[in-house]
Amino acid sequence: MKEKIEAAKKEFESLKINTLEELENIRISYLGKKGIITEFLSSLKNVSKEEVKELGKIINEFKNEVSNKLENLKKELKEQKLNAKLESEKIDISLNGTFRNIGSANPIEKVIEELEEVFISLGFTVVEGPEVECDLYNFEMLNLPIGHPARDEQDTFYITDTMLLRSQTSPVQVRTMLANTEKSPIRVVCPGKTYRRDNDDASHSHQFTQMEGLLVDENISLADLKGTMDLVVRRLFGNVESRFRPSFYPFTEPSVELDISCFKCGGKGCELCKNTGWITVAGAGMVHPNVLTGCGYDVKKYNGFAFGFGIDRLTMLKYGIGDIRVLYTNDLRVNDFNRRDN
Amino acid sequence: MKISTNWINDYVKIDDVDKKELADKITNAGVNVQEVIGEINFNKIVVGEIINAKPHENSDHLKVCEVNIGANTEQIVCGAPNARSGIKVVVSLPGAKLPNGMEIKQSVIRGVNSNGMLCSLEELGLEEKSEGIHELPNDAIVGKSPKEYLNLDSVYLLDLNPNRKNDCLNHIGFAYEVSAVLDRNITLPQTDYTESDFETNINLKIETENVLLYYAKLVKNVEIKESPEFIKLRLTNAGMRPINNVVDISNYIMLEFGQPLHFFDADKVGRALLVRMAKENEKIITLDKQERTLNSEDIVITDGEIPICIAGVMGGLNSDVDENTKNILIESAIFDKLKVRRTSLKLDLRSEASLRYEVGINPEYTLMALKRACHLLEKYAAAKISKNEKVVNNIKTSTNVIEVTLEEINKVIGVKIENTDVIDILKRLKFDYKVEGNTYYVTAPSRRLDISIKEDIIEEVGRLFGYDKIVAKLPTLEMTTGGYVPRIKYRKDISSLMRSLGFNETRTYTLISQKNSETFNYENKENIVLLKPISNDRTHIRTNIISSLIDVLNYNEARTIDDVLIYEISNVYYKELDDFKEDMKLCALAKGNILKSDFQKTPKIDFYYLKGIVITLLEYLGYKNRIKFIRNEEIPFMHKGITADILVDNKKIGFIGKIHPSLKHDETYIFEISLDELSKNKGARIKYTAPSKYPSIKKDMSFNFRKDIIAGEVINDIYKMSSKILKNVIVFDVFDSTEHRSLAFSLTYQADDRTLNDEEVMKDFENVISKISEKYNAKLRNE
């Protein structure tokens, strides 16, 4: 019997198993109900007690050897099979991906939102007003009576004698002050569409965009205005210098223009700043007492500043757009505005 | 406005000042000098003498010149016809920079070396057009700078703000600004003349209060000839063409004082001057030989009967000064600004004179300008001056004394300005003032019509003190929260959702054409139309955004972009009775592929895709289970089989569908929603609901219906026929054959409080099957 077992062992060790099917057949032929090892074990009942101990040990060792070996081999073969499957599923990863569009914002909207973020953080409320506006708010209550020469500079689209497409966002100042029945302090900005009778070309557009701002409170000065403007322009253009130049707007007195040092040439003079080193980005000033009084504010107690940004121009400067019409053409090939700006 | 700095030098000394630096100072103080013209950098520019000029071998017009420039001689090729030996010329040597930007370099012209350029006045920026090189006087010293042999004048091109047009549209006014900026004295021009022994014996009568001040003065025996050189030069530099001494003097005075003068031929006028409002349809032939029809809004000067001049605008042909004129009646007057403005606009006759009337005239200059004209006419036209003048003065004089304190100035400017600084600035401005402690009483000067209130004085002090001295700070105010008003927040949230769904935001024009407005006016809104549009494409204010997005689509299709997903949120406007109404609309247009792959097939946009977008949007806004779509066959520009109204809470808020193939043959889908209408329905708040703990059971059924069955109606019926345990019904398969339409439904059953048993579910399910079969006469399909 001992010899039989040894022979079976030798035979098992010489076996070559290549597939999982072969392995299963061999498992059955050794370890199955009628398998070789099972038969060895059952033949133990025919031997003496002394031999049982010795042979039992040998058979069990053989059984362990077979089951361990088959178990390991099974793992190996399974892995081989899986690997072969994976190999067969290999794809060409160099082919391009599948895309879903991220909708892009209009560049004007992006600039507006950057400005809004600064102003909201300073406690300003973003408000709006109608584009079809009355002459009273667009001009008269802004200290621009009929016949005022400054009206010439804003060639306006009239709808009737008294109604028009607003030529500036400034009427929202009037609306905000009139709506404030308590006549309490105000901090608002108002971005919006504006219209003038200009023929469209690279630098003119009959429709354009402004952002108006108004702050009414006690003891406000040009220094406060400058500080506020500095925050905004640095947010948009980085670490630029700024300056006030005296200017004129009927609804502010004193009036200033806000220039920033040219961010392209650093103030040395280039094409962008027309060799002046400075770029005008906003008009501003201290709210004219006629405007405050007309809206029911007590000028003995309150004063304030107002400002207006030409958003189209800021957008063009910020993104290097040379033609204002680009902002309204909506060419979908221009597609760098659907991502984070760095 | 062009300002000759040579001319300014007559009133305030600036010949020792760099004109570019001065221009910057003036600009920073508030009067914009847009450009300095005629500034020449004389580095490498010298006087030379042509000692030899021979024809160029390879050219029939070029000459090769030997030019003596003092230290040596240079060979220079020149094309000017007047280049010849013996003349003194302006030579730019290599390295010189001409005002037009040209940089001179050594060059080879048709094989001949040329070491510089001989300049014309045009090239030096001193003349608009030159015929040849400029010839200097014979005594010019070779090798020296040609500066002193040229009529140099730096001209300032002003870009004036409207408030400074009243004083800076003339040289004296601008000189006051220069004197304030530089802190220098000012000298007014001479106005003296010899009175002759005759009188201005005209009968002057003013019959309208629109004439504020009117002087008439007679001068005799004028000799009409060419003006002296300095007048011609100054007029030219200031942008006016010299004509003859008499006309030039009148223009000269206008540019000097800002007071327009009018010269009548005294012999054509007669004995009377009557100024009145024109009669309706009264006619006059103006200097330009045009007949003009006037009305009662126009001021006219008449000879007592007929008009001889439209006040402030243009003279009549019947009284004008010509080459035979001997005696002149000079008018120096102030007319109502608005009347002159309206008349000049109406007749389309805007002139230098009318412009100055519009911005306002300093009444203190009216007589001074008249006298100055007499001074010049005597000097340069040999005129004899009458000993008196006729005047009518309707100006109600009242001096405006403005009171302002140092504290008020400092409060507004936000920087510490001392009492002495303020006094210094008021002196520089040549304002009349009184000081009591820290309070200033400033008399508003009549040459600065823009100064009338306290804030104007504060601005004057601030701008001359220098805004660069302001130290920026943030306002110290009570803390408050900022943010968006709800309507803007609503718009922004929707906009950002649309972008995240892959739609690009567009920004299009509010003004559209009448045709587009009419074609797409699906709501039959009354358009708001411009009174005076600038083009036929932009006459109507849009009542919706549809045509704008179709325009964007067309633009991009023309550039072979096939996948278009765009949206815009914009206010649109319309009229309702006599009211102007605003409506915030969202419009979206989609066409092409949803996904982009270079090599794989991806789904195309269709009605259901866009419907999914609409539902996603409305559910995002909190309208889940409150949305309905109802077929709409009435919109003419839409495919009537593929268009539906969108309803929320049974109220129509917009529509969705496919654009009519006659407009867009490609599969193009669009929806538009009134966001103002939508937001009237309150969206649900976010609220936590625990998911059911009990399992759900799905049951499927499939029927053959008649061909025109509407799936949504069957679904509604299934809900009605079922008990409460039916949670959801969907159609998961649709098959249309020629005989019938088969629909497969999946029903989900679930209870919130227990596990459903099969029996209960089957009872409901079988009940639904039998009722549907019965109601629709549909056949259950068994697979």
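What does the charge count near A:PHE12 come to, summing +1 for each Lys or Arg and -1 for each Asp or Glu among other residues with Cβ under 10 Å from its Cβ? Mind dumping the intermediate values first?
On the way: positive: A:LYS9, A:LYS10, A:LYS69; negative: A:GLU11, A:GLU13, A:GLU65.
That sum, taken over residues with Cβ under 10 Å, equals 0.
The length gained on full extension between B:THR755 and B:ASP717, counted as 0.36 nm times the residue separation minus their Cα-Cα distance, comes to 11.1 nm. Listing B:MET368, B:MET498 from fewest to most neighbouring C-beta atoms within 10 Å gives B:MET368, B:MET498. When the pairs A:LYS300/B:LYS427; B:LYS165/B:LYS379; A:LYS4/A:LYS34 are compared against a 24 Å limit on Cα-Cα distance, A:LYS300/B:LYS427; B:LYS165/B:LYS379 fall above it.
For segment B:402-458, pairs of C-alpha atoms spaced more than 15 angstrom apart make up 43 percent of the total.
At 222 nm, what value in deg cm²/dmol follows for the protein assembly as shown if DSSP H runs of at least 4 each add -39500 (n - 2.57) and the sum is divided by all its residues, to the nearest 500? List each step's numbers first, then the result.
Values: 31 runs with 340 residues, N = 1125.
Helix-only estimate at 222 nm: -9000 deg cm²/dmol.
Computed over segment A:107-329, relative contact order equals 22 percent, with contacts defined as Cα pairs under 8 Å that lie 6+ residues apart.
Thinking of segment B:45-149 as a set of Cα atoms, what percent of all their pairs are more than 19 Å apart? Summing the P(r) tail past 19 Å for segment B:45-149 gives 37 percent. Evaluated at q = 0.09, 0.13, 0.17, 0.19 Å⁻¹, the base-10 log of the normalised Debye intensity for segment B:486-678, with identical point scatterers placed on the Cα atoms, takes the values -0.33, -0.69, -1.21, -1.50.
At 25 °C and a viscosity of 0.890 mPa s, what translational diffusion coefficient does Stokes-Einstein give for the protein assembly as shown, taking Rh as the Kirkwood radius over Cα pairs? Give it in µm²/s as a whole number. Show your work: numbers first, answer last.
Numbers: Rh = 38.0 Å.
The calculation lands on 65 µm²/s.
Ranked from largest, the principal axis spans of the Cα set of segment B:108-228 equal 77, 40, 30 Å.
What is segment B:302-438 by shape, rounded, prolate or oblate, if you read a ≥ b ≥ c off the alpha carbon gyration tensor as root eigenvalues and call it rounded for a/c under 1.5, prolate for a/b larger than b/c, and oblate otherwise? Prolate, since a/c reaches 1.5 and a/b exceeds b/c.
Note: relative contact order over segment B:45-149, using C-alpha pairs below 8 Å and six or more positions apart, is 30 percent. The gain in end-to-end length when the B:ILE285 to B:ILE642 segment is fully stretched comes to 121.8 nm, 0.36 nm per residue minus the alpha carbon separation.
Once the C-beta distance of B:GLU209 and B:ALA558 is scaled by a Förster radius of 56 Å, the resulting FRET efficiency is 0.35 to the nearest 0.05. With θ taken as phi - 60° and the Karplus curve 6.51 cos²θ - 1.76 cosθ + 1.60 applied, the whole-hertz 3J(HN,Hα) list for segment B:227-240 is 6, x, 3, 5, 5, 4, 5, 5, 4, 4, 5, 8, x, 10 Hz, x standing for glycine and proline.
If a spin label sat at a point 7 angstrom from the Cα of B:ASN625 along the line to its beta carbon, the backbone N atoms of segment B:686-709 nearer than 14 Å would be those of B:687-692.
For segment A:1-61, the normalised intensity computed at q = 0.25 Å⁻¹ comes to -1.07 (log10 of I(q)/I(0), Debye sum over alpha carbons, equal scatterers, no solvent). Under 5 Å from the amide H of B:ILE642 lie the amide H atoms of B:LYS658, each residue being 5 or more positions distant or on a separate chain, with H modelled from the backbone and absent for Pro and chain starts. Once C-alpha pairs closer than 8 Å and six or more residues apart are averaged by separation and normalised to the residue number of chain B, the relative contact order reads 8 percent.
Mind pulling the angle between the C-alpha long axis of helix B:419-428 and the longest principal axis of chain B? Nearest 10 degrees, somewhere in 0 to 90. Compared with the principal axis, the helix lies near 60 degrees. When the P(r) of segment B:367-426 is calculated, the portion above 17 Å amounts to 65% of the C-alpha pairs.
A simple spin-label model places the labels of B:ASP700 and B:ASP192 11.7 nm from each other, with each point 7 Å out along Cα-to-Cβ.
Remark on segment B:203-393: ratio of C-alpha radius of gyration to 2.2 N^0.38 Å is 0.95.
Exceeding 21 Å between C-alpha atoms, which entries from my cross-link table qualify? They are A:LYS268/B:LYS25; B:LYS640/B:LYS680; B:LYS20/B:LYS416; B:LYS658/B:LYS779; B:LYS515/B:LYS575; B:LYS624/B:LYS680. Show your work: numbers first, answer last.
Working: A:LYS268/B:LYS25 18 Å; B:LYS640/B:LYS680 28 Å; B:LYS20/B:LYS416 30 Å; B:LYS658/B:LYS779 33 Å; B:LYS515/B:LYS575 18 Å; B:LYS624/B:LYS680 16 Å.
Listed pairs above 21 Å: B:LYS640/B:LYS680; B:LYS20/B:LYS416; B:LYS658/B:LYS779.
For segment B:172-178, the Karplus equation 6.51 cos²θ - 1.76 cosθ + 1.60, evaluated at θ = phi - 60°, returns couplings of 5, x, 5, 4, 4, 5, 4 Hz by residue, with Gly and Pro reported as x.
Could you please tell me the mean projected area of the C-alpha convex hull for segment A:203-342, averaged over all directions and given in square nanometres to one decimal? Could you put the intermediate results ahead of the total?
Numbers: hull surface 40.4 nm².
If I average the Cα hull's projected area over directions, I get 10.1 nm².
State the Kirkwood hydrodynamic radius of chain B in Å, one decimal place, computed from all pairs of distinct Cα atoms. If you can, show how the numbers build up before the last one.
On the way: mean 1/r = 0.0283 Å⁻¹.
When all Cα pairs of chain B are included, the Kirkwood radius is 35.4 Å.
Would you mind giving the mean number of other chain beta-carbons within 10 Å of the Cβ of each residue in B:498-504, as a whole number? Working shown, then result.
Numbers: counts 1, 7, 2, 4, 7, 4, 12.
Across B:498-504, the average partner-chain Cβ count within 10 Å equals 5.
Taken along the Cα-to-beta-carbon direction at a fixed 7 Å, the label points for A:GLU113 and A:SER203 span 3.1 nm. In whole percents, the pair-distance distribution calculated for segment B:584-719 from its alpha-carbon pairs, binned every 10 Å from zero, is 10, 31, 33, 22, 5, 0.
Put in order of Cβ neighbour count within 10 Å, fewest first, the listed residues A:SER121, B:SER674, B:SER696 become A:SER121, B:SER696, B:SER674.
With respect to chain B, whose longest principal axis is taken over its alpha-carbon atoms, helix B:337-346 is tilted by about 70°.
Want the number for B:VAL112 to B:LYS346: 0.36 nm per residue separation, take away the alpha-carbon distance, what's left?
Details: separation 234, 0.36 × 234 = 84.24 nm, distance 6.13 nm.
Length gained, B:VAL112 through B:LYS346: 78.1 nm.
Divide the volume of the convex hull of the Cα atoms of chain A by its number of residues and quote the answer in cubic angstrom per residue. Could you put the intermediate results ahead of the total?
On the way: hull volume 105.8 nm³, N = 342.
Expressed per residue, the convex hull around the Cα atoms of chain A is 309 Å³.
Taking the longest Cα principal axis of chain B as reference, the axis of helix B:363-381 is set at about 50 degrees. In this label model, B:ASN185 and B:MET102 are separated by 4.5 nm, measuring between points 7 Å along each Cα→Cβ vector.
Hey, what's the per residue convex hull volume over the C-alpha atoms of segment B:697-780, in cubic angstrom? The partial results should precede the final answer.
Details: hull volume 6.4 nm³, N = 84.
It is 76 Å³ per residue.
Ranked by Cβ crowding within 10 angstrom, fewest neighbours first, how are B:LEU98, B:LEU618, A:LEU314 ordered?
On the way: B:LEU98 17, B:LEU618 20, A:LEU314 25.
So the residues, fewest neighbours to most, are B:LEU98, B:LEU618, A:LEU314.
A Förster radius of 60 Å, combined with the Cβ-Cβ distance separating A:ALA84 from B:LYS489, puts the computed FRET efficiency at roughly 0.55. Distances between placed amide hydrogens fall under 5 Å for B:LEU273 paired with B:ASN203, B:LEU204, B:LYS205, all partners being 5 or more residues away or on another chain.
Bear in mind these aren't lab numbers, they're just calculated from the coordinates by the rules spelled out. Here the structure is a predicted model, which is why all the values come from computation and not from measurement. Please note: Cβ atoms are built from the backbone with ideal geometry, for glycine as well, and neighbour counts cover all protein chains shown.
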